[in-house]
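A short worksheet on the structure shown next.
The values are calculated or read from the model by the stated rules, or taken from the named source; none is laboratory data. This one's a predicted model, so the numbers in the text were calculated from it and none came from an experiment. Ideal geometry is used to build each Cβ from the backbone, glycine not excepted, and the neighbour counts take in all protein chains shown.
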Amino acid sequence: MKKNYETVWEIFNHCANNQMRDVFIDEIETDDTDAFVRNKFKDKAVTFEKTVLENGTILYDIDASGIKQRYSFTEI
C-alpha cells in the first residue's frame, strides 16, 4: 500500500558567497522512498545517505553529479 508524503527538496548553491538554496515542496504517493529518489536522479551519478528521524521523517542527503541536495519525506 502506498503512503502519502509531503516532500521538501533542497538544492544547495555551489557559490561560497551565496547561502541561498532552491526549495521545492510537493505531495507524493509512494511505497518505496529509496526507489523514488533513485528515479528522480536516474540521469545523474548519484549517491545518498538515508536517515530516519525519531518523528518518522525520512531524510536523504544526496550528491547528484557533484551537486549537494536534500530530500525529506514526512508522512501525511
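Filter the stretch 48-76 down to residues that are farther than 16 Å from K3 by Cβ, among the polar types (S, T, N, Q) and loosely packed, with under 10 Cβ neighbours inside 10 Å, then give me how many there are.
Summing the residues that are farther than 16 Å from K3 by Cβ, among the polar types (S, T, N, Q) and loosely packed, with under 10 Cβ neighbours inside 10 Å in the stretch 48-76 gives 1.
On the basis of being at pLDDT below 90 and within 14 Å of S72 (Cβ to Cβ), does F36 make the cut?
Against the criterion (at pLDDT below 90 and within 14 Å of S72 (Cβ to Cβ)), F36 does not qualify.
For the chain, please list each of the strands (runs of 3 or more DSSP E) lying entirely inside it that holds at least 2 residues being under 12 Å from the mean Cα position of the chain (by Cα) and free of Cβ contacts under 8 Å to residues at least 40 places away in the same chain.
21-30, 46-52, 58-64
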